[in-house]
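The values are calculated or read from the model by the stated rules, or taken from the named source; none is laboratory data. Because the structure is a prediction, the values reported are computed rather than measured. Here the Cβ positions follow ideal geometry from the backbone for every residue, glycine too, while neighbour counts run over all protein chains shown. When the accessible area is computed, the model is the full protein with side chains, heavy atoms only, and any ligands, DNA or RNA have been set aside. Shrake-Rupley method; radii C 1.70, N 1.55, O 1.52, S 1.80 Å.
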Amino acid sequence: GMGGMGMGVAGDLSRTGGRFPYISIDTLRSVYHLNIEEAAKKLGIGMTKLKEHCRHLGISRWPSRKLKSMDKLIESMLLRKEKDPESEATYLDIISNLKCFKKLIYDDPGVEVEEPIKRLRQSNFKKEYQLRQHSKRETAA
């Protein structure tokens, strides 16, 4: 009877590691930009523990890739703005949208990438690919 119940409690405690050290959402936010392995290292816990904390806080996917993707887009837009001063206003607009979306990711890592940003990412990927091919041909020539 009682012995069994006692075991259950002890088992539960050891399974969650007593749920300590507790990690706050703010602490997690401070390492969102790192990939999950680096983030765990930085926090001094194992990856399994980190994933457990994430689940506990309702974070289903680690957001570092999404954030990196936004940073890469912002960088590309800044470069294009330099090359194309007439369209500066458009690029600044896009950049400010991307920065807003980055804030959204910090608020909710599970947020879906918005359609316009998805399209921008695809067209940017294509454009960068074409530019790479172009510069390869130039160096080959």
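Converting phi to 3J(HN,Hα) with the Karplus coefficients 6.51, -1.76 and 1.60 and the offset θ = phi - 60°, region 110-126 yields x, 4, 6, 5, 5, 3, x, 6, 4, 5, 4, 4, 5, 5, 5, 4, 5 Hz in sequence order, with x at every glycine or proline. Per-residue Karplus couplings for region 63-71, computed as 6.51 cos²θ - 1.76 cosθ + 1.60 with θ equal to phi - 60°, are listed in order as x, 4, 5, 4, 5, 4, 4, 5, 4 Hz, Gly and Pro entered as x. Taking a Cβ cut-off of under 9 Å around residue 40, the surrounding Lys, Arg, Asp and Glu residues balance to a net charge of +2, with basic ones at +1 and acidic ones at -1.
Each Lys or Arg adds one and each Asp or Glu subtracts one; over the other residues with Cβ under 14 Å from the Cβ of residue 29, this totals +1. Put 47, 70 in order of accessible area, highest first, and with a 1.4 Å probe you get 47, 70.
Evaluating 6.51 cos²θ - 1.76 cosθ + 1.60 at θ = phi - 60° for every residue in region 75-82, the Karplus couplings come out as 4, 4, 5, 5, 5, 5, 4, 4 Hz, glycine and proline recorded as x.
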